[in-house]
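Contents: one structure, followed by commentary.
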Amino acid sequence: MRRRGLPMERISRAEIFDRDGMLCHLCYLPITGKPTIDHIIPIATPGSPGHVWENVAAAHRACNSGKRDRVRPEDWVLYEELRLRRPTDKRQSARRAA
């Protein structure tokens, strides 16, 4: 599935929260209350990888809102680390979706 020409995968929020250990990727503090999913590289950013497993991370609602559609240098680093950690079955499903 694609949106605006970008890959879009079904992503389990619970899996992302578990993967990230319920830590906000923006402030590095534990998330209490309702977590949100942040696009590490925003969909609106040219060159965005889209709504894929390695481009989403857990975040506090306030941190996510404060980041808006900005990309910090460390966001590309986190995206690349997650891309390398992506489970094999997710890589295969991403190829089929693309």
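Taking the charge dipole of the chain about its Cα centre, with +1 at Lys and Arg Cβ atoms and -1 at Asp and Glu Cβ atoms, the residue from A59, I37, L78 reaching farthest to the positive side is I37.
Pairs of Cα atoms nearer than 8 Å and 6+ residues apart set the relative contact order; for the chain it is 33 percent.
Apolar share of the accessible surface for the chain: 55 percent from carbon plus sulfur atoms, 1.4 Å probe. Axis angle, to the nearest 10 degrees, between helix 88-97 and the longest C-alpha principal axis of the chain: 60 degrees.
The values are calculated or read from the model by the stated rules, or taken from the named source; none is laboratory data. Note that this is a predicted model, so its numbers are computed, not measured. Reconstructed Cβ throughout: ideal geometry from the backbone, glycine too, with neighbour counts over all protein chains shown. When the accessible area is computed, the model is the full protein with side chains, heavy atoms only, and any ligands, DNA or RNA have been set aside. Shrake-Rupley method; radii C 1.70, N 1.55, O 1.52, S 1.80 Å.
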